[in-house]
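Below you'll find the structure, written out as structure tokens, and then a few comments.
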């Protein structure tokens, strides 16, 4: 059998157009023609590659007819960063024969997700195009017990893994599996013990070399009225002691109850404290070496979290547990805020700043796309490792929904998609398909479990970089979090013999060094391995310095002085070129020499035209250092972020990337996550009127349920409008207005963090008709704490519309991040409001 390009038989442009059109209409995964079918079976969709073996990919062609058939198989392979390639092969199939048709291994020379499109042709007949996906990823060995600095495991919720899912999890390098020991199964009646079910499943788990991350949540029907009621302590002690005695050697560690601070535990904070102490003592008596964690606490932003639960938990260490277990399903910015600010503040208040932390449920769904989920996995695992987490559990291995609902809130946390809403994974095993996060996990797990944290190089201004390592082996993980700020290139000095750049999926590139200096980019998430040096790499500083935000003026031109530093001990020639991404780079500067250690300024301008407020145009700068292998590229976003005096600026908020949910992205808070523009969307107008000392704001808010907070609730926990600004001298104002219909809504005004009774509101009216709430207000600029420079050059300005559908605080929408209550006020991403001087 021979593969050949088919361009002489059929115009390839026509085939590509047809296939892409069909793809948009949800092409089936199997195509049929005259009793013959072609498909990509489930086992062919996961191609784990060992270091010494090329990927072996294949598809299945079946002839169910009673006669021999001669067919042509047409294939289109969509490879990362390349145009689709058409290949064909002639097949001869005997009656009732099925053939595994090998695909060229050269197609799969990179780790990643590949889309394969296929059809059958016989004479003048052709089957419809079908398509499927496959993952090519590095197979990871599972480490020995105790080998990992931060062991990484997985969970599946209440549904249990099939053998195939365990096999796939093992190929990623996971080392433990978190699932619940169901008391009811072991002790269906008081005094009756039946270990067969739990023993048999644990034997299966151990067959794939997994330790057990055990959770013990819930009670049997004979012990309590409701499953999540507090158990009788004597019966609870007996059950925990029996399980610890029988299976402690198979346990990675023991999590005592799932999310006891919300509705998974019907008792009080004090009752859980008793339950935790009894379990801890019983486990330690039966197995002193078994690590006991607290219950896995649902994120502190969960609307049903019991008051005082976190404080009580920290005060119980080390009396009732060894490690504090935390769950957090949001994207990285909220994950970082939870740990760096909120959780840290509770630890400070309780005096428990040295409690070890373990993440026993933390993931992210696919609502912002597969790449966003995959990058979130890298970021959250990296930050957990950087703060010295004792372990990290990804939730989940498998979606609970997917297919046509890949952005369904709370149901798509998996690394593997699920076309249904079932937890019976055995019934859908033929439909298992990898997501980008599956391959990202195959890369992240062996990288992030093996080395202790060394240094934090950056965790501010939207740039994150964390260094891990031991002598002769260091790892740097970097990324840019904020798409409105320029990417960065850092100069790093290292004695490493090799520096390897590894992308999200594990593809590697050698990083060249000049005189012991390497250039490290901070853009998309990446890993950098430093090998062969006792000493860790040392950060010299940025190669290029740019303003934090670059804006286009009224004519659509952005001018900037780019400062390029020479990190070498000798002079070097450099050429700079810029252009819009995707277009040819146009030189804007001649080659110039930079002396050793000196900085040269390249004045540049970018004509990007007019654009709506909030739009970003990305341009690219390339720097060629002559007679060296250095030719770094830098993504520079040009942001349309200026609200101009006298111009009625329109702002529309209606998309997911403008939403911040107030609840954790937990599967059990789906009704409290933003759902659609009908749930909450905004059309706003902002007008500066210098002659009257006014800023006029009109917001038409589509909201399916209007609920201002009560007087006992935080004002911003109900439907509300939040406005924030920061002046040139650092003065900051924060105004929160309740959604009280009428002309005198409740409001709170803080200036420089202090409550001010004189509000800058000169006039306001809130009206409600059907599902539309209209806000009309005017702010007096004389009472906003502004300085003369603010009137000359503008100030940083932002607003947010908050939502509550009467069941709890829900979400807010904002043109750019930065607001979310006065305790989370940050002006990094604010717009520029040009007020203008009074004439």
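With respect to the stated conditions, residue 454 is surrounded by fewer than 22 Cβ atoms within 10 Å (Cβ to Cβ), at negative phi and touching a residue at least 60 places away in the same chain (Cβ under 8 Å).
Residues in region 502-514 that are in a strand (DSSP E or B) and either touching a helix residue (DSSP H, G or I) at 6+ places or on another chain (Cβ under 9 Å) or farther than 21 Å from residue 110 by Cα (or both): 502, 513, 514.
If the condition is being over 16 Å from residue 759 (Cβ atoms) and at pLDDT 95 or above, then region 719-738 contributes only 719.
Taking the criterion of being in contact (Cβ under 8 Å) with a residue 60 or more places away in the chain and more than 33 Å from the chain's Cα centre (by Cα), the residues of region 693-738 that qualify are 693, 694, 695, 696, 697, 698, 728, 729. Only residues that are under 27 Å from the mean Cα position of the chain (by Cα) and part of a loop (DSSP other than H, G, I, E, B) were counted across region 467-501, and they come to 7.
Looking for something free of Cβ contacts under 8 Å to residues at least 12 places away in the same chain and either crowded, with 20+ Cβ neighbours inside 10 Å or assigned to a strand (DSSP E or B) (or both) - is there at least one such residue anywhere in region 171-190? No, because not a single residue in region 171-190 is free of Cβ contacts under 8 Å to residues at least 12 places away in the same chain and either crowded, with 20+ Cβ neighbours inside 10 Å or assigned to a strand (DSSP E or B) (or both). Scanning region 641-657 for any residue that is more than 25 Å from residue 827 (Cβ to Cβ) and not in a loop (DSSP other than H, G, I, E, B) turns up nothing. Counted as qualifying within region 520-590 are the strands (runs of 3 or more DSSP E) with 2 or more residues that are within 20 Å of residue 509 (Cβ to Cβ) and either assigned by TED's automatic domain parsing to the domain that holds residue 463 or at pLDDT 90 or above (or both), namely 526-531. If you check 271, 225, 249, 238 for being out of contact with any helix residue (DSSP H, G or I) (no Cβ under 7 Å at 6 or more places or on another chain) and not in a helix (DSSP H, G or I), only one passes: 225. When restricted to residues that are modelled with pLDDT under 95 and over 30 Å from the mean Cα position of the chain (by Cα), region 255-286 contains 0. State whether the residues of region 521-532 include one that is in contact (Cβ under 8 Å) with a residue 24 or more places away in the chain, over 32 Å from the mean Cα position of the chain (by Cα) and surrounded by fewer than 18 Cβ atoms within 10 Å (Cβ to Cβ). Checked against the condition, which is being in contact (Cβ under 8 Å) with a residue 24 or more places away in the chain, over 32 Å from the mean Cα position of the chain (by Cα) and surrounded by fewer than 18 Cβ atoms within 10 Å (Cβ to Cβ), region 521-532 yields at least one hit.
Each row is one residue, and each column tells you yes or no for (1) surrounded by fewer than 19 Cβ atoms within 10 Å (Cβ to Cβ); (2) in contact with a helix residue (DSSP H, G or I) (Cβ under 7 Å, 6 or more places away or on another chain); (3) part of a helix (DSSP H, G or I).
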residue	(1), (2), (3)
118	no, no, no
137	no, yes, no
146	yes, no, no
164	yes, yes, yes
167	yes, no, yes
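The values are calculated or read from the model by the stated rules, or taken from the named source; none is laboratory data. Since we're looking at a predicted model, the values are computed, not measured. Note that we place each Cβ from the backbone using ideal geometry, even for glycine, and neighbour counts take in every protein chain shown.
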